[in-house]
């Protein structure tokens, strides 16, 4: 088990730059956010900002997450330890939507397992395939200005685009315009080969649209050793979660979901929620990656503590949105909101999903 004294929100080392909203004191003029399917808080930390990762400060942003909800109690415990008491355990399909707080923004990484290329790929037939509907219900009831959904890119390809078309149709039919942002995370500073799909929408009566964030590392991806190289000689809990890893021998064949040996100078393999399905070995040491190394590769700051045994921690990390990627998305949304508030948004500044739909599916051979 990890040894720790503080979670992120109580750590003296992050006090000077972390967002005061994690301690219930939001920045002046903060925009209220409702967070669904929050997990351990990767996307939420990205929106809040106020953390450092690999010598870079991701500044605090004027957001206040009023409530975060997830069904997994240990994920919520991790969230509360690090990001605040506003997280609750709950089944969003059973909580009356009118009882959820009315906020200007709605964010949520609706479950991806039924759409993932490494999962069953059962789509709406799975138990989690229609959970995006709770986002729709909130939009109908509370009419947030901006909605940010998140999932796996395979959602665009599954069944020739059938599911993404149905999801976007439901999201837009309640009076919203959406864009799809297929983000290659290394282009934004992540040392891991990972793509995420963001569904970014705004109310149809509002002009403009948030713009896809400009990549910060488009031509200079950071290799695995940039994220975890300084941990090579750390064998104890002087860096929390660094002593935690699974003992495993290397298999003779991986079959696509088995053993993978990372390589110096290259991006790490994608961190999975199921640590047994993809066994990742260190690029230099004869062992698997530690919990902290996986957290680093997902861009969690070292002050962010994962308080459970390795398997649970790995699951929370693998399911999370990388905070630095969430921060880039949050900055783009913030620019849009600020432009709305100052009347600077031009109505024709972007094309909606409906306008681009046919071009997108034709180019992707999905029509």
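The values are calculated or read from the model by the stated rules, or taken from the named source; none is laboratory data. Worth saying up front: this structure is predicted, and the values here are computed from it rather than measured. With ideal geometry, Cβ positions are generated from the backbone for all residues, glycine too; neighbour counts draw on all protein chains shown.
Across region 197-209, the qualifying residues are those that are surrounded by fewer than 23 Cβ atoms within 10 Å (Cβ to Cβ) and within 22 Å of residue 136 (Cβ to Cβ), and the one among them that is nearest to the chain's Cα centre (by Cα) is 197.
Applying the set (1) buried (at least 21 other Cβ atoms within 10 Å of the Cβ); (2) outside any helix (DSSP H, G or I); (3) modelled with pLDDT of 95 or more to residue 275 leaves exactly one unmet item: (3).
Yes/no per residue for (1) modelled with pLDDT of 95 or more; (2) under 18 Å from the mean Cα position of the chain (by Cα):
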site: 296; (1), (2): yes, yes
site: 302; (1), (2): yes, yes
site: 309; (1), (2): yes, no
site: 317; (1), (2): yes, yes
site: 321; (1), (2): yes, yes
site: 325; (1), (2): yes, yes
site: 332; (1), (2): yes, yes
site: 346; (1), (2): no, no
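For the residues 110, 124, the requirement of being within 19 Å of residue 172 (Cβ to Cβ), assigned to a helix (DSSP H, G or I) and modelled with pLDDT under 95 singles out 124. Among the residues examined, residue 167 qualifies as under 30 Å from residue 103 (Cα atoms), buried (at least 20 other Cβ atoms within 10 Å of the Cβ) and touching a helix residue (DSSP H, G or I) at 6+ places or on another chain (Cβ under 9 Å). One residue alone among 212, 222 is within 18 Å of residue 106 (Cα to Cα) and touching a residue at least 12 places away in the same chain (Cβ under 8 Å), and that residue is 212.
Per-residue answers, yes or no, for (1) surrounded by fewer than 24 Cβ atoms within 10 Å (Cβ to Cβ); (2) at pLDDT 95 or above:
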residue	(1), (2)
16	yes, yes
19	no, yes
28	yes, yes
43	no, yes
55	yes, no
60	yes, yes
65	no, yes
68	no, yes
77	yes, yes
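Listed by first and then second residue, the pairs with beta-carbon distance under 6 Å, at least 6 apart or on different chains, first residue in region 272-285 and within 13 Å of residue 297 (Cβ to Cβ), second surrounded by fewer than 19 Cβ atoms within 10 Å (Cβ to Cβ) and modelled with pLDDT of 85 or more, are 272/318; 283/263; 283/264.
Where strands (runs of 3 or more DSSP E) fall wholly inside region 1-90, the ranges with 3 or more residues that are touching a helix residue (DSSP H, G or I) at 6+ places or on another chain (Cβ under 7 Å) and within 23 Å of residue 143 (Cβ to Cβ) are 31-36, 63-70.
Quick one: is residue 320 buried (at least 24 other Cβ atoms within 10 Å of the Cβ) and farther than 16 Å from residue 270 by Cβ? The answer is no for residue 320. Give region 130-151 a look and list any residue that's out of contact with any helix residue (DSSP H, G or I) (no Cβ under 6 Å at 6 or more places or on another chain), surrounded by fewer than 21 Cβ atoms within 10 Å (Cβ to Cβ) and not in a helix (DSSP H, G or I), or say none. Within region 130-151, 131, 143, 145 meet the criteria. The number of residues in region 171-196 that are within 18 Å of residue 272 (Cα to Cα) and buried (at least 19 other Cβ atoms within 10 Å of the Cβ) comes to 8. The set of residues in region 223-239 that are in contact with a helix residue (DSSP H, G or I) (Cβ under 7 Å, 6 or more places away or on another chain) and part of a loop (DSSP other than H, G, I, E, B) contains only 239.
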